[in-house]
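As structure tokens, the structure follows; a few thoughts come after it.
We did not get these values from a lab; they are worked out from the coordinates using the rules stated. The structure displayed is predicted, hence computed values, not measured ones. Every residue, glycine as well, gets a Cβ built from its backbone with ideal geometry; the counts of neighbours run over all protein chains shown.
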């Protein structure tokens, strides 16, 4: 693996507060928020892992990891956080080569995690009812160099799903219960359904709808993540904590008796 | 995708309590725990997604997903649960094509999740100091059809790591702090360190050791997973809950100034 | 304070598993579950704080504290646990001298905590629709030597409340929203309403009803209690954990504008 | 109970953000933070439970409850929050008439809860090593009309405890393990020890010290409180959450064998 930055490549700059900026080294001199006016080509040849100074600020220079891509994306809609992405990946058994459908695309955070997980041979199909969200997300996804694995569709998933034999369907929409019947039809046998909902009432409606179709392993989780602070004085849970993100409901398609 | 079970293939049988048994359809007639004496070849030609009767018990028949592989493995040592596996995958930015080292192998649960995530072009190297654990795990990993991606080594990771330029190193050992210096040396620049420890005292020692080396993004999390129960009466968190699994500490290698 | 057990008094026996038995030293020789045939008068004169042998078992001998009274009561209905009792006491600002109404009485666990808190000059009024629950609870309350502070009423609180100017009203019934109007009428200005409900749907209905009346400080909490285990190896949260007890909703009566 | 404010009494003003100000109606015209220049005597004769206007702001007028007293106190040191006070009250079996010792006094939040709980016949003794903390707390305690139940002592509790036969001892100091031996000596048989500590390392040292003395029922808890938000859309846990307050360790004195 090359130790220095190449031409026409993508890198991440990480400042001392762990703010992350993804930069395309083929880009033109431009004003970059948090960096100032800056020529990305000047990074070519610099050593990975070293701290460098741009303007009056110090940045670590690294190849972007999945987490860098997620943590640097520009938010428009509320995003699904890494803590929930991890649960989605494992509880939907997502792996390289699969075809996964998500709706809606939001800011592209879930899309990026999915594209990364199904690469190099799989594919993500992303529905959204708002063209501006699709456009905004695709900018984030291109910056993450994952656009190759993603196709988008301006469509309301509660009105129908065009694809079939899907490995996984993930819904991050206000009314997931309205897409449950379409999801059952579009999934392959053994495929996973997932919905992400902040409200208890959304979970109730979705679970009740799932029970009308041939699904097994219907489960709802909430995931509470606590950071631990270690200092010279000792260790304790962080006082800062996000109290809630959303409930994750999972189910798996089987055939009716 | 084939709708019926093929010869020389692997399937999962799921009973009504969601107990899962992975079966190789090339296997011989044998007594299988929870099923009885049974000829795996009799499954060939049966339709996926249907419930079938073996002995007096009903089983769903499916292609095994990652979760099936994890939930059917035979435990010897304590395993890392799916909830923590998801966090490891996302916080270490694990993806297809990477080379990941883990120590120790335990019962192979983490190994299976890692092999599944780095496939088809990546590789998992697994250290353990106990030959019986390696043997037991490899049985589980073979059953999951993932042995191709895994190589094992009878070695104490606190005594040194032979490989270098690793993408990720994950430690599930009682004294992870003793392997921190070896981990720093063996990781690529930008690579991720992770340790899983049940005790607060282990976290403290590990974080203090990490601070002696060039690591950034040092963070410790604990993940509390709650299941929600939905019934006709309403919804509530489950009374049954696992109160703790372990703390996850993450760090990322950079170069010294 | 006397150092030895007196006649006509009440003591607690605590075995090595922290099982607690309250014994009236004026009682007759009887078979006591967990102790065997035993004459309570034989305890008179024994020193508090010492471990003594009855049958083949060892017991600590102490004056019963509130916690002893709560932990030794015989359960019939589900009880409110000490963790939630603490929150009720503080969030309803319960104190000596107040008049508090509760419904239903259940097994008397909340009644005991309330009686203890309002003593020596206050009073607890307890409604229940089942005479057998009232009888069973009063046995527990008498054993705790708190019957003096408690009066019971065989009445459905959703049908009306006879008292007025109450300091606090606490509902542990399946449909607390149906008693909200009666509660508003029966409370003094500034008095506290509290309901304990396991289900999210119960909370929603209750909060929506509370919003129709002049209440301020309407809040719902759930309290998650984790035990920490300290051993020679280090410290960690306990693996055993009760995942849920119930949601506590609080509100405070004011006058309409 | 009087429906209107009396002379020489104490009331609470609650604004629409639930900020609370305790006012002595015998006080002189003064500038009150959050209210402006204001004559407390002007409140005499006003009806409790009504909203009134002072300056351009609206306030609910009520008799102060325990919670009002706790939520209006002026903080200097970090305070123990109501969620933990509730657990302390119940797990130490605190009741009217007891003698309770606390150290240190901090801003008087625990002192107020204890004084309220042991009234009308009990007593709180409060140690602190800083005279300014004692003075500041006593102002808060006087405002809460509970000074009658509290005596303070400028003394380091790790150097010794003058009192004996205490019902309860509660430590909120950085090194509670250093007072464990004094606590054992000063407690009555069956009396409760409690320490509040933010750090895991403090808990470990305290529990190890407790094990050297005759204590039973040694337990450590952490209490996680989540607020639930109910709106027209549905219900969910609040996004805002305090991730940690401290660990509570409890123990109970018995006699050595």
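List of remarks:
- Among residues of chain A, the one whose Cβ lies closest to the rotation axis carrying chain A onto chain C, together with that distance rounded to whole Å, is A:200, 2.
- Placing pseudo-labels 7 Å out from each Cα toward the beta carbon at residue A:135 and residue C:185 gives an inter-label distance of 6.1 nm.
- The mean count of C-beta atoms from other chains within 10 Å of the C-beta of residues in D:195-208, rounded to a whole number, is 5.
- Label spacing, shortest first and in nm, from residue C:75 to its equivalents in the remaining copies (7 angstrom along Cα→Cβ): 2.4, 3.7, 4.2
- Calculated diffusion of region C:104-186, Stokes-Einstein form, Kirkwood radius summed over Cα pairs, 10 °C and 1.306 mPa s, µm²/s: 123 µm²/s
- Spatial separation of Cα centroids for region D:59-113 and region A:107-141, in angstrom: 52 Å
- Between copies, the label points of residue A:18, set 7 Å from Cα on the Cα→Cβ line, lie 3.0, 3.2, 3.6 nm apart, reported in increasing order to one decimal in nanometres.
- Chain D: angle of helix D:131-143 to the longest principal axis, Cα-based, in degrees nearest 10: 50 degrees
- Taking Cα atoms only, the orientation of helix A:200-210 departs from the longest principal axis of chain A by about 50 degrees.
- For the peptide A:56-65, the mean number of other protein chain Cβ atoms found within 10 angstrom of a residue's Cβ is 4.
- With Cα atoms, 0 to 90° folded angle of helix C:82-91 axis to chain C main axis: 40 degrees
- Shielding of C:8-21 by partner chains, average beta-carbon count, 10 Å: 1
- Mean projected area (nm²) of the alpha-carbon convex hull when region D:10-64 is viewed from all directions: 3.3 nm²
- Relative contact order of chain A, pairs being alpha-carbon contacts under 8 Å that are 6 or more residues apart, as %: 13 percent
- Taking 7 Å steps out from each Cα toward its Cβ at residue B:163 and residue D:31 produces label points 6.9 nm apart.
- Spread of Cα-to-Cα distances over 5 Å intervals beginning at zero, given as percent, for region D:69-253: 1, 8, 17, 20, 21, 15, 8, 4, 3, 1, 1, 0
- Judged by the mean number of other Cβ atoms found within 10 Å, the most tightly packed of the peptides C:210-218, B:25-33, D:122-130 leads the ranking D:122-130, C:210-218, B:25-33.
- An ellipsoid equivalent to region B:46-118, defined through the eigenvalues of its Cα gyration tensor, has semi-axes of 29, 15, 10 Å when rounded to whole angstrom and sorted largest first.
- With N as its number of residues, region D:8-135 has a Cα radius of gyration that, divided by 2.2 N^0.38 Å, comes to 1.18.
- Calculated label separations, residue B:30, copies of the chain, 7 Å along the beta-carbon direction, nm: 5.8, 6.1, 8.4
- Using distinct alpha-carbon pairs, which all enter the 1/r mean, Kirkwood radius of region D:189-257 in Å: 14.4 Å
- Label sites at residue A:154 and residue A:239, each approximated as a point 7 angstrom past Cα along Cα to Cβ, lie 4.9 nm apart.
- Region C:153-190 and region C:17-38 have Cα centres lying 38 Å from one another.
- Dividing the convex hull volume of the alpha carbon atoms of the protein assembly as shown by its residue count gives 206 Å³ per residue.
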